[in-house]
């Protein structure tokens, strides 16, 4: 059993017969750059709205809902796209989120949410997973665009100003605690604990 491993170890331990150590080092360095460049390129290509809505489940459901919200069309002309809200900006967090997203690909590949009815049946579970992720990271993706330090509370409605002063500015709650359904239709929340 160990014979093939020993033979492999002897092969990689021996000096190269044809190439110098410098050439092998340079080749490894160039290969590393090519790999890193390819990895980052693939990461950025999967971090676009066009990639997100290439699946009909996203295009026909949540993207259609997004188009009716203030995050899509507003007076300032600033549009939030799928990755803005669902993918962290920091590189390590982004890679971790992409790894998590492979589970979502499973649903697409095997047609778990292939029809509007199936999507609705899974909407609460998907939303709950996303709300939990945002709660755990203190609504980081919201804070990439919205800063509590930049909020002019005097320009907000009395209800919003009171809520922001009471919960957000004290750190008692985070954005997603109050703003569920801000960009997508809420699932059926009947029977969800703590929902009024």
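The values are calculated or read from the model by the stated rules, or taken from the named source; none is laboratory data. Computed from a predicted model, the values in this text were never measured in an experiment. No Cβ is skipped: glycine too gets one built from the backbone with ideal geometry, and neighbour counts run over all protein chains shown.
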Any hit, segment 182-195, residues being under 23 Å from the mean Cα position of the chain (by Cα), crowded, with 16+ Cβ neighbours inside 10 Å, modelled with pLDDT of 85 or more and in a helix (DSSP H, G or I): no
Complete set of residues in segment 145-169 that are at pLDDT below 85, in a loop (DSSP other than H, G, I, E, B) and surrounded by fewer than 12 Cβ atoms within 10 Å (Cβ to Cβ): 147
Checking residue 132 against (1) assigned to a helix (DSSP H, G or I); (2) surrounded by 14 or more Cβ atoms within 10 Å (Cβ to Cβ), the condition it does not meet: (2)
Residue satisfying all of: in segment 114-125; at pLDDT 85 or above and touching a helix residue (DSSP H, G or I) at 6+ places or on another chain (Cβ under 8 Å); surrounded by the fewest Cβ atoms within 10 Å (Cβ to Cβ) among these: 116
Residue in segment 62-76 that is over 25 Å from the mean Cα position of the chain (by Cα) and surrounded by fewer than 11 Cβ atoms within 10 Å (Cβ to Cβ) present: yes
Residue selected from segment 81-112 under the condition assigned to a loop (DSSP other than H, G, I, E, B) and surrounded by fewer than 12 Cβ atoms within 10 Å (Cβ to Cβ), by the criterion nearest to the chain's Cα centre (by Cα): 90
Residue list for segment 170-181, restricted to those being within 24 Å of residue 79 (Cβ to Cβ), touching a residue at least 24 places away in the same chain (Cβ under 8 Å) and not in a loop (DSSP other than H, G, I, E, B): 175, 176
